[in-house]
Amino acid sequence: TNENMDFLKLIDYGEESLLSRFSNKYNLIKIAVKGITLPETGALKKSASFLATFVKESRNHMNMTNAVLHKGEEIVKIMILCISGITPRVNVDVFGDIFIALNSKYPSEFIVWMKILETQHFPTTYINHDEKVNYMKSIIR
């Protein structure tokens, strides 16, 4: 898509220049993660698209890989919280691309990050352990 091409153009200018614009190389992900929690559809979709593209392209750039490895658990945790009720139901589908990107580019890490669901009463008290296990099995391939 055009959005992905714009992202790739930014990366082509050099990951150092893109990431060095921020005081911390993890701020790009931090801002996008905050964006997926917003109730506005546009901001949510753009942030989710950015995260999915960032993850897909990250294996080609060491700084981006390190950022995903450092923030991956937080990304998964926030996405699960969003799916469990923060995000309006009509917008939940945008998280699929991020799950697919994480699962394909970081399969072993993704399994570890998904273990956040083993935490009791996370993301809500309305979900039992068996339902969480079934959910994990359906996402991790």
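Where a number appears in this text, it was derived from the coordinates with a stated rule and is not lab data. Please read these numbers as outputs of a predicted model, since none were measured by experiment.
In whole Hz, what ³J(HN,Hα) sequence does the range 74-88 give by Karplus (6.51, -1.76, 1.60; θ = phi - 60°), x for Gly and Pro?
Karplus values, whole Hz, x for Gly and Pro: 5, 4, 5, 4, 5, 4, 5, 4, 5, 5, 7, x, 5, 8, x.
Could you work out how much longer the chain between Glu40 and Val133 gets when fully extended? Use 0.36 nm per residue separation minus the Cα distance between them, nm to one decimal.
Values: separation 93, 0.36 × 93 = 33.48 nm, distance 3.06 nm.
Between Glu40 and Val133, full extension yields an extra 30.4 nm.
Give me the percent of Cα-Cα pairs in the range 28-141 that sit more than 23 Å apart, rounded to a whole number. Could the numbers behind the result be given before it?
Working: 1597 of 6441 pairs.
Result for the distance tail: 25 percent.
Under a cut-off of 20 Å between alpha-carbon atoms, report the lysines in cross-link reach of Lys105, not counting same-chain residues fewer than 8 places apart.
Lys25, Lys30, Lys56, Lys71, Lys77, Lys115, Lys137
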